[in-house]
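Q: Here it is: the structure, laid out below.
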Amino acid sequence: MRRIADAMLTDAAAMPRPPAVDSTPLAIEARGLVKRFDDTLAVDGIDIAVPEGAIYGILGPNGAGKTTTLRMLLGIIDPDEGVRRVFGHDRPHEIARLIGYLPEERGLYPSMRCDEAIAFMGALRGLPLAEGKRRGRALLEEHGLGHAVDRKIRALSKGMAQTVQLLGTLVHHPRLVVFDEPFSGLDALNQGKLERMIRRLAENGTTVIFSTHVIHHAERLCNDVAIIANGKVPYAGSVDAARDRIPAQVRLETRDGDGAWLRALPPGTERESKAGGGHFWYFPLPETGIERLMRDLIEGEAGVLSFSVERAGLHDAFVEIAGEAAARALDADAQDTVPA
């Protein structure tokens with residue numbers, strides 16, 4: 001009975017929740033963004049809305065249009081059609097001091113010292129050099145690189161250099177941080193550190209938007225995602241709502257395999273008998289919930305051994321929304337970027 005009670009709690013968590021009324025102001029709003037490069041349509045009518053303080057992911061395979069979209073949102077390039085606003089401004093480059101941007105193409109001046117490199121990146125966003133150097137030293141100490149303050153960039157390991165560039169993105173205390181494929185090239189330890197940093201930024205009220213082709217980062221971190229494939233966004237919304245597009249599945253284990261209680265199972269139930277006795281049953285979670293089903297199983301003496309509700313993951317939702325070809329490309333990209 002404890003398993004059944006636990007299953008009921010799991011079921012309640014898996015059921016779709018009614019949409020909340022949200023009046024949170026938007027950090028980023030984009031409607032109908034289109035971008036062409038010669039004869040190539042890179043982005044085709046993208047709509048995105050990012051609430052302030054959110055962790056927002058743009059999820060898709062390489063070449064889907066993620067980087068082009070981010071650059072348009074930031075005002076680095078202009079869209080051919082559509083509008084975008086950052087904190088209400090339709091010229092994002094004019095409020096660059098409010099934004100931190102880490103591009104996919106990493107690069108620092110190799111002859112600069114670590115604190116100088118961080119201060120220089122802050123100066124590009126309006127932070128005085130002396131204050132940038134002071135903050136840079138404090139950030140390096142905070143992130144375990146105090147010993148490298150005076151080292152030149154060329155003397156750093158790849159991981160250390162990536163950390164320095166990341167700190168330079170944050171040194172001016174931006175309200176919005178945009179990361180383009182921030183986890184690429186990082187080992188598991190540094191990926192975990194970056195995830196924790198992103199969570200801390202959001203906890204302090206900073207809006208974080210990042211692109212990725214690695215689903216588990218988006219699933220663990222994001223409130224909302226935009227799924228992008230072939231320059232289009234077939235879905236933009238909460239991670240929960242994306243997963244709820246696929247009905248939760250029930251896995252039932254019974255001692256008995258026959259009886260009047262079988263009528264309680266929905267049409268299309270799949271059955272798997274175990275060697276040595278016992279049976280597994282698989283079927284979508286009934287829209288009416290599990291209470292009536294459990295009552296029929298218990299009263300019918302089905303001999304319930306276990307009962308669990310398995311909710312679809314974001315990868316399953318991506319396949320459902322973007323299609324199998326896009327999902328295969330996404331998986332291939334993720335495999336290619338696993339550090340050796």
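The values are calculated or read from the model by the stated rules, or taken from the named source; none is laboratory data. Predicted model only: the values in this text are computed from it and were never measured. When we count neighbours, we look across all protein chains shown, and the Cβ atoms used for this are built from the backbone with ideal geometry, even at glycine. Each accessible area value is taken on the protein alone, full model and side chains, heavy atoms only, with ligands, DNA and RNA left out. Shrake-Rupley method; radii C 1.70, N 1.55, O 1.52, S 1.80 Å.
Q: What aspartates and glutamates does LYS274 reach when the alpha-carbon gap must be under 12 Å and sequence neighbours fewer than 8 apart in one chain are set aside?
A: Correct list for LYS274: GLU253, ASP256.
Q: If I build a Gaussian network model for the chain, linking alpha-carbon pairs within less than 10 angstrom, which residue out of ALA241, ALA49, ALA138 has the largest mean-square fluctuation?
A: Maximum fluctuation in the GNM of the chain, among the listed residues, is at ALA138.
Q: Roughly what would the spin-label model give for ASP44 and LEU305, points 7 Å off Cα along C-beta, in nm?
A: 5.1 nm
Q: Pull out the extension gain between GLN335 and SER111, defined as 0.36 nm times the separation in residues minus the alpha carbon to alpha carbon distance; nm, one decimal.
A: 77.3 nm
Q: Related question: Leaving out ligands and nucleic acids, note down the accessible area per residue over the chain with a 1.4 angstrom probe, in whole Å². Before the final figure, lay out each step's value.
A: On the way: 17170 Å² over 340 residues.
I get 50 Å² per residue for this part.
Q: On a full-extension model of 0.36 nm per residue, what is the gain between LYS232 and ASP90, subtracting their alpha-carbon distance, rounded to one decimal in nm? Mind dumping the intermediate values first?
A: Values: separation 142, 0.36 × 142 = 51.12 nm, distance 2.16 nm.
Net length gain for the segment: 49.0 nm.
Q: Using a Förster distance of 41 Å, how high is the FRET efficiency between GLU287 and HIS216, based on the Cβ-Cβ distance and rounded to 0.05?
A: Here the calculated transfer efficiency is 0.90.
Q: What number, rounded to the nearest 500 deg cm²/dmol, is the helix-based mean residue ellipticity at 222 nm of the chain, given -39500 (n - 2.57) per DSSP H run of at least four residues and division by all its residues?
A: Only helices count here, giving -10500 deg cm²/dmol.
Q: Excluding same-chain residues fewer than 8 positions from LYS158, which lysines have a Cα within less than 26 Å of its Cα?
A: The qualifying lysines are LYS66, LYS133, LYS193.
Q: Spin-label point model (7 Å from Cα, Cβ direction): what's the PHE37 to ARG255 distance in nm?
A: Reported label-point gap for PHE37 and ARG255 is 6.5 nm.
Q: What FRET efficiency do you get for GLU270 and GLU81 if R0 is 45 Å and r is their Cβ-Cβ distance, rounded to the nearest 0.05?
A: Working: r = 48 Å, r/R0 = 1.07.
Taking R0 as 45 Å, the efficiency between GLU270 and GLU81 is 0.40.
Q: Something else now. Considering only protein heavy atoms, with the full assembly of protein chains and a 1.4 angstrom probe, order PHE120, PHE37 by accessible area, largest first. Walk me through the numbers before you get to the answer.
A: On the way: PHE120 70, PHE37 95 Å².
Order by accessible area, largest first: PHE37, PHE120.
Q: Give me the one-decimal nm value for the distance between modelled label points at ARG97 and ASN204, 7 Å along each residue's Cα-to-Cβ direction.
A: Reported label-point gap for ARG97 and ASN204 is 1.9 nm.
Q: Under 13 Å from a label point 7 Å along Cα→Cβ of ASP150: give me every residue in the range 114-135 with its amide N that close.
A: What the label zone holds, given the 13 Å backbone N cut-off, is 114-115.
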